[in-house]
Amino acid sequence: MFRRNIRCGYLLVALLLLAGFANAQPTVVVRPQGGYGYFHSGVSENNGGVYHAGLRILLNAGDARRFGLELTHFGVKDGDEFTSIGILLEERMWNWFNRSIGTVGYFGYGADSDNLVGLMTNLGWEPNWEKLIKPFVTYRSDVIFYDKITTVNSLSAGITIGF
């Protein structure tokens, strides 16, 4: 099941890339990221450290706005793992402040490896450099709607690669 979800994610990323290259002036942003934080489960005592690693593919929607897809893998301290795939909107304000929000599906989470829905937000720093590659650092918050709400709060860092 995990492989099927990953294949669907790759297909969505490929379609998004093709849509970006179909524009007169294609602007695609690829954003690998990783981070570490705190996992708080509303249904178990499985609270503690969590890491994440993922990739965003974004298209420009104006000077400071982007939209796209995100694929992220989470690992919890006791060995549990799950994956999120979702759509997101992103905006950069004041030439350095990055904020984003997205609706996300969380796959392989829960006692029965349920496929759940949730909300992801980011607030952070992204410099206004006119370079191909630039860093970013954000506070990431994931809210997973399960029997009781589960939260993941983490610090995320990565690079932005623009084409």
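The values are calculated or read from the model by the stated rules, or taken from the named source; none is laboratory data. Quick caveat, the model's predicted, so the values are computed rather than measured. Cβ atoms come from the backbone with ideal geometry, glycine included; neighbour counts cover every protein chain shown. Accessible surface is based on the protein model in full, side chains and every heavy atom, while ligands, DNA and RNA are left aside. Shrake-Rupley method; radii C 1.70, N 1.55, O 1.52, S 1.80 Å.
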(message) Can you tell me which of (1) open to solvent by less than 80 Å² (accessible area, probe 1.4 Å); (2) β-branched (V, I, T); (3) touching a Ser or Thr at 6+ places or on another chain (Cβ under 7 Å) is the one I161 doesn't meet?
(response) (3)
(request) Mind counting the residues in segment 128-151 that are within 12 Å of the chain's Cα centre (by Cα) and of a type in the set (V, I, T)? (result) 1
(request) Can you run down the residue pairs with Cβ atoms below 6 Å, 6 or more apart or on separate chains, where the first is in segment 57-84 and more than 17 Å from D142 (Cα to Cα) and the partner is of a type in the set (K, R) and open to solvent by 10 Å² or more (accessible area, probe 1.4 Å)? (result) L58/R66; N60/R66; A64/R92
(request) Output the number of the condition that N60 fails; it satisfies all remaining conditions of (1) closer than 20 Å to G118 by Cβ; (2) more than 16 Å from the chain's Cα centre (by Cα); (3) surrounded by 15 or more Cβ atoms within 10 Å (Cβ to Cβ). (result) (1)
(request) Examine segment 104-120 for a residue that is touching a Phe, Trp or Tyr at 6+ places or on another chain (Cβ under 7 Å), open to solvent by less than 40 Å² (accessible area, probe 1.4 Å), under 16 Å from G162 (Cβ atoms) and touching a residue at least 12 places away in the same chain (Cβ under 8 Å), and state whether such a residue exists. (result) no
(request) Output the residue which, of all residues in segment 1-33 that are under 15 Å from F82 (Cα atoms) and open to solvent by less than 50 Å² (accessible area, probe 1.4 Å), is modelled with the lowest pLDDT. (result) N5
(request) Please go through segment 72-90 and pick out each residue that is open to solvent by 40 Å² or more (accessible area, probe 1.4 Å) and either modelled with pLDDT of 90 or more or touching a Leu at 6+ places or on another chain (Cβ under 8 Å) (or both). (result) H73, I87, L89
(message) Whether any residue in segment 134-144 is touching a strand residue (DSSP E or B) at 6+ places or on another chain (Cβ under 6 Å), open to solvent by 90 Å² or more (accessible area, probe 1.4 Å) and modelled with pLDDT of 85 or more is what I want to check.
(response) yes
